[in-house]
Every structure is written in C-alpha cells, then in structure tokens.
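Q: Okay, handing you the structure first.
Only the coordinates and a few stated rules stand behind these numbers; no lab work does. Computed from a predicted structure; not experimentally measured. Positions of Cβ are backbone-derived with ideal geometry, glycine not excepted, and every protein chain shown enters the neighbour counts.
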Amino acid sequence: MTNQLGILSGSTDGWQEGVGLPGEEDHERASRDLALGSLREELSLITNAENLVVLAGSGASLGIGDQTGLSKPPSMWSLWAEVQELESFKTVKSQLNVDAVNNGNFEHVLSDAQTRQAITPDDTDLKTFINEAESIVLANCSFIRESSDLETHELFLRKVARRSTRLQRTQIFTTNYDLAFETAARRARFNVIDGFGYGGQDFDGSSFDLDYVRRRPHEPLALEPSVFHLLKLHGSVDWDSNDGIVQKIYGGGRPTNPVLIYPSSAKYQLSYQQPYFEFMSRFQIALRQPDVGLIIVGFGFNDEHLSAPIEAAIRSNVGL
C-alpha cells in the first residue's frame, strides 16, 4: 500500500515509490514511469472530485500490528481456527453442513447454524454455539491498542480527508468493526462525524448533517479543515444496544448487546435495519452524486449488498 500512497500524494514524503527493477531496460523504465504518471493524474482527479467516497474492507486492517506483537487483526481463517476448538462447536458439528465445515468457511458455518436455530429455536446447543462464535468475533476485532501501529491509516487520512473546505467532506464507509480509523483520526488530529454528534452517546443519523465550524473574533465563520464522515456499515466493537437505542461506549468497555452484523448470509437483510439502514442509504446516495470519486481499499466484493450499488452506479452515473 505504501507505493500507492506515494502515488496518491504526488510525492514520496517519506514513502518510497517504485524504483528501477534489476535488468530493466530504458524503454521498460520509460513505460513504467508513464504508467505511474497516468495513475497519479487519475488519482488526483478522483481525490479532487466534489464528493469523495472511500469504501474500506477487512484488507484495510490486516496490516496493523503493534510493538508487543500480541495484538493483531483477525483473518477469517484465524477466527475459524478458534471456533473449531469450541466445545459447543464439537457438540453441534454433526448437525451442520458437511461441505461448509470441511471447507473451513466460517461465514457459511455460522449462517448454517443461524438458519437451523431459527427453525428449531429451542435447540440450546445451537444457540450456545452461535453466541460463543459471535463472542470470538467481537473479542478478536477489539484489537486496537495505544501500541497499535496506525501510521498507514494516518497517512491515508491526510491524503483523502484533508481537502479544501469548498469540497464536500470525505465519506469513509467501512465494513470493519475495529477502531482503526477512529484511533488514527485522534492521533492525526482529525475530527470525525460518525453519527453520535459531538462526543454524544446515542446514535442519531441526522448528526451527519452537522459540521465543525471555527469561530474567531472579528472574523467570519469558517469550516474547520481535517474533518471527515465515518460510516460503519456493519457496526462497531464500541456500540451497544439499550432498549433499541444504539449507544457508544467510552473508556474501553465491552458492550452487553453488541451492535454488529456478524459474518453470515444474514448480512443483506440486517443491513436494512437501523442503524445500518442509515449508512446504506447514505452509501447509495453518495454514489449517485454528479461529481463523485470512489476509492475502494481492502474490499473483496463478496458482500452483495455493497457490490450491487457500486455496479449500478458504474452503469448509470456518468459523473462517477
């Protein structure tokens, strides 16, 4: 990702762009430089669009580490490895789809368990397995620490979110539950509009229509720079549900009723419930703007409810 960030910025600025390859001929080097120049120009046009949309998937977090080496983001394979060791999984394994289990597809296994549990709601073994599997997801995605290395996230925010205040605020949509963007924003001194108001606790979708303004004596009001919107499409490890109200937990606490769309086939249906529906609506509206740049990073296009709006926008929005 470092080379792409260097291209995005138009300069290395501490990052090394591609260098000549061993044995590379002059004409090959010239072709490569021409391609890099074209890419830089194209990325500049995208980031300077009136509306800038970023979609970040799980790949955007996989490179995060920390100084201790003990805290790192999970992969689907690492989650599956833990799930296989659950006694509750061993109890219900014979009930589950054989192909899903043999292929080690955690998402399909959890989907199958949820479907069977819906058919037989009194099956406590399935319910126990689902709860424990979901707890593994929550625990593993709560990996961000003060020691976490978020230099790449901070640099990425400086490239895409520090734009002229004459342009619309950058909207970063992410499927990740972790707190990488929030923590990177705090370290880089960005203000985040995330649906919870100015340090508020309760979710309110209308707060995305608010903004940060700087007031100085004897000067007109001016929009504060370095502000972006963060919309977490599948929920967050610091969100809790209390009597139907989504609340943010401060101080590193763990939610009692987590607000997450877990990796399963239910993602499509759940994405049209609140608060996810608010994010999905804004995602679709953002892609239909007349002058919009779209950057996708770390997203594998396996989520149909997100891929479909992108494909529709590519077909119909000439300003994308």
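Q: Provide the descending list of Cα extents for the chain along its principal axes, expressed in whole angstroms.
A: Taking max minus min along each principal axis of the Cα atoms, the chain gives 62, 62, 46 Å.
Q: I've got another one for you. Please compute the alpha carbon radius of gyration of the range 22-171, then divide it by the globular-protein estimate 2.2 N^0.38 Å. Two decimals is fine.
A: Numbers: Rg = 22.8 Å, N = 150, 2.2 N^0.38 = 14.8 Å.
For the range 22-171, the normalised Cα radius of gyration is 1.54.
Q: Between Asp211 and Ser31, what's the calculated FRET efficiency when r is the beta-carbon distance and R0 is 45 Å? Round to 0.05. Present the calculation step by step, with values, prior to reporting the outcome.
A: Details: r = 45 Å, r/R0 = 0.99.
The pair Asp211/Ser31 has a calculated efficiency of 0.50.
Q: On the principal axes of its Cα set, how long, how wide and how thick is the range 217-320? Give whole Å, largest value first.
A: For the range 217-320, the Cα extents along the three principal axes come out at 51, 43, 25 Å.
Q: With a sphere of radius 14 Å drawn around the Cβ of Glu50, what net charge do the other residues whose Cβ falls strictly inside it have (Lys, Arg +1; Asp, Glu -1)? Intermediate values should be presented prior to the final figure.
A: Values: positive: Arg163, Arg166, Arg169, Arg288; negative: Asp291.
Here the charged neighbours net out to +3.
Q: So what's the angle, to the nearest 10 degrees on a 0 to 90 scale, between helix 26-47 and the longest Cα principal axis of the chain?
A: For 26-47 against the chain, the angle is about 80 degrees.
Q: Have a look at the DSSP beta bridges in the chain and tell me what percent are antiparallel, nearest 5. Let's see the in-between values first.
A: Working: 10 of 28 bridges.
Of those bridges, close to 35 percent are antiparallel.
Q: Order of Tyr177, Tyr276, Tyr250 from fewest to most other C-beta atoms within 10 Å? Please report the intermediate quantities before stating the final value.
A: On the way: Tyr177 25, Tyr276 21, Tyr250 9.
Least crowded to most crowded, the residues run Tyr250, Tyr276, Tyr177.
Q: For the chain, modelled as a Gaussian network with Cα springs under 10 Å, which listed residue fluctuates most, Thr120, Thr152, Thr175?
A: Result for the chain, Cα springs under 10 Å: Thr120 fluctuates most.
Q: Show which lysines lie in cross-link reach of Lys93 when reach means a straight Cα distance below 22 angstrom and same-chain residues fewer than eight apart are skipped.
A: Within the straight-line limit of under 22 Å, Lys93 reaches these lysines: Lys127.
Q: So, with +1 on the Cβ of K and R and -1 on the Cβ of D and E, and no other charges, what is the size of the charge dipole of the chain about its Cα centre, to the nearest 20 debye?
A: Values: 28 positive and 43 negative charges, 180 e Å.
Approximately 860 debye in magnitude.
Q: Okay, moving on. Could you line up Val246, Val53, Val192 from fewest to most neighbouring Cβ atoms inside 10 Å?
A: Details: Val246 23, Val53 27, Val192 19.
Fewest to most other Cβ atoms nearby, the residues stand as Val192, Val246, Val53.
Q: Take every Cα-Cα distance within the range 217-265, group them into 5 Å bins from 0 onward, and report for each bin the whole-number percent of pairs it holds.
A: In order of increasing distance, the bins hold 5, 16, 18, 16, 12, 9, 8, 8, 5, 2, 1, 0 percent.
Q: For helix 106-119, report the angle its Cα long axis makes with the longest principal axis of the Cα atoms of the chain; keep it between 0 and 90° and round to the nearest 10°.
A: In the chain, helix 106-119 runs at an angle near 50 degrees to the longest axis.
Q: Below 8 Å between Cα atoms, with a sequence gap of 6+, how large is the relative contact order for the range 76-140 in percent?
A: Values: 48 pairs, mean separation 26.1, N = 65.
In percent, rounded to a whole number, it is 40.
Q: Something else about it: Which angle between 0 and 90 degrees, to the nearest 10, do you get for helix 151-160 versus the longest principal axis of the chain when only C-alpha atoms count?
A: Helix 151-160 and the main axis of the chain meet at about 60 degrees.
Q: Another question, then. In sequence order, what are the phi-derived ³J(HN,Hα) couplings for the range 191-203 according to the Karplus relation 6.51 cos²θ - 1.76 cosθ + 1.60 with θ = phi - 60°, rounded to whole Hz, with x for glycine and proline?
A: Coupling constants for the range 191-203: 9, 10, 9, 10, x, 10, x, 8, x, x, 10, 8, 6 Hz.
Q: Additional query: Pop the C-beta distance of Leu138 and Gln269 into the FRET formula with R0 = 22 Å and round what comes out to the nearest 0.05. Each step should come with its number before you reach the end.
A: On the way: r = 20 Å, r/R0 = 0.92.
Result of the calculation: an efficiency of 0.60.
Q: For Val83, what is the net charge nearby, where nearby means another residue's Cβ is under 12 Å from its Cβ and Lys, Arg count +1, Asp, Glu -1?
A: Details: positive: Lys90, Lys93; negative: Glu82, Glu85, Glu87, Glu107, Glu132, Glu134.
Taking every other residue near Val83 into account, the sum is -4.
Q: If I histogram all Cα-Cα distances within the range 168-252 using bins 10 Å wide from 0, what percent of pairs lands in each bin?
A: Taking all Cα pairs of the range 168-252, the binned fractions are 15, 48, 27, 8, 1 percent.
Q: Work out Dmax and Rg for the range 76-140 from the C-alpha atoms and quote the Rg first, both in angstrom.
A: Rg then Dmax for the range 76-140, in Å: 10.7, 30.
Q: Please report Ser307, Ser206 as a ranked list, fewest other C-beta atoms within 10 angstrom at the top and most at the bottom. Write down the numbers at each step before the final one.
A: Details: Ser307 13, Ser206 9.
Exposure proxy ranking, most exposed first: Ser206, Ser307.
Q: Hey, another quick one. Which value in nm describes the separation of the simple spin-label points at Gln201 and Ile119, placed 7 Å from the Cα toward the beta carbon?
A: Between Gln201 and Ile119, the simple spin-label model gives 4.3 nm.
Q: If each DSSP helix of 4+ residues adds -39,500 (n - 2.57) and the sum is divided by the residues in the chain, what number results at 222 nm, nearest 500 deg cm²/dmol? Could you put the intermediate results ahead of the total?
A: Values: 12 runs with 130 residues, N = 320.
Value at 222 nm, helices only: -12000 deg cm²/dmol.
Q: Please report how far the C-alpha centroid of the range 255-296 lies from that of the range 131-178, rounded to the nearest whole angstrom.
A: 15 Å
Q: Let me know the whole percent of all Cα-Cα pairs from the range 109-255 that are separated by more than 26 Å. Could you put the intermediate results ahead of the total?
A: Working: 4153 of 10731 pairs.
When all Cα pairs of the range 109-255 are counted, 39 percent exceed 26 Å.
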